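For reference, the structure is listed below as structure tokens.
The values are calculated or read from the model by the stated rules, or taken from the named source; none is laboratory data. This one's a predicted model, so the numbers in the text were calculated from it and none came from an experiment. Neighbour counts are summed over all protein chains in view; Cβ atoms, including those assigned to glycine, are modelled from backbone coordinates with ideal geometry. What goes into the accessible areas is simple: the full protein's heavy atoms, side chains included, and nothing from ligands, DNA or RNA. Shrake-Rupley method; radii C 1.70, N 1.55, O 1.52, S 1.80 Å.
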Amino acid sequence: AQEDSESALTPPMHRVKGAATGLMEFTGVSAKLEEATREIEALKRGHAGGFEIDLEHLVEGPYHLGPLNQERLDGLVENLRGNPLSSPIIVRETATPGVFEIVAGRHRVQAFRILGRTRIAAVLRKLDDDETERVVFYDNLLAPTLSDYEKYLGFSKRQKSKSLTQEQLALEAGVGQQWVSSLLALDRLPQEARDLISRHPTKPGI
């Protein structure tokens, strides 16, 4: 009975491989898990200055609107080439241990990748999906690089997913209701017109 109990507790790789090989593999996996755990705990103790995290541990979330803005990215690359990062990115944990979702700062992350850097300062926030969606959208709402069409997409998505009125959207965003109403007026355009705008969101006259 004791032998059966010990066999049940023995990892399969130890039964298939030699004891020495199995121990080496198990030790390597344990070391990686311990390293990921230390990084997570360090981020959880995050302060205003943030902690550095490997870029390979970062993924983009589903709440970012549209592709990266090339003009903004080019400016960041030139700025960061000779200057330190002024503020850390914001991340949240994912279901995969050691992997973090970018909440704010994806342009900064891409600029670091272009510059060949491997780590970036980050602050960990405990945010649910709704909070993350709001942070991502409203953090970029007034950015000059965000087109009116992308603003429309953000407001429209929140209105439909949360069943919010235009008044509630305006209060949530801290902007005038008339402005929100003018953006959501795109809903009344024919689908062909919206498709045209989506392909050329910043083209004059469109």
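Observations
- Stretch gain in nm, segment Glu56-Ile114, where the contour uses 0.36 nm per residue and the Cα spacing is subtracted: 19.5 nm
- Diffusion coefficient (Stokes-Einstein, Kirkwood radius over C-alpha pairs, 4 °C, 1.567 mPa s) for the stretch 84-200: 80 µm²/s, rounded to a whole number.
- Only protein atoms count toward the accessible area here, which uses a 1.4 Å probe; on the stretch 130-189, the carbon and sulfur part of that area reaches 49 percent.
- Given +1 at the Cβ of Lys and Arg, -1 at the Cβ of Asp and Glu and no other charges, the dipole of the stretch 109-206 around its Cα centre is 420 debye to the nearest 20.
- Per-residue extension of 0.36 nm, minus the Cα-Cα distance of Leu68 and Glu192, leaves a gain of 42.2 nm for this segment.
- Computed extension gain for Ser161 through Asp148, at 0.36 nm per residue and net of the alpha carbon distance, reaches 2.7 nm.
- The orientation-averaged projection of the convex hull spanning the C-alpha atoms of the stretch 54-127 amounts to 5.0 square nanometres.
- Just so you know, the averaged projected area of the alpha carbon convex hull for the stretch 106-153 sits at 4.5 nm².
- Average accessible area per residue (Å²) across the stretch 107-184 - probe 1.4 Å, nucleic acids and ligands excluded: 53 Å²
- Loop-located trypsin sites (Lys or Arg not before Pro) in the stretch 103-206 (DSSP state other than H, G, I, E, B) with a sparse environment of at most 15 neighbouring Cβ atoms within 10 Å: Arg117, Lys126.
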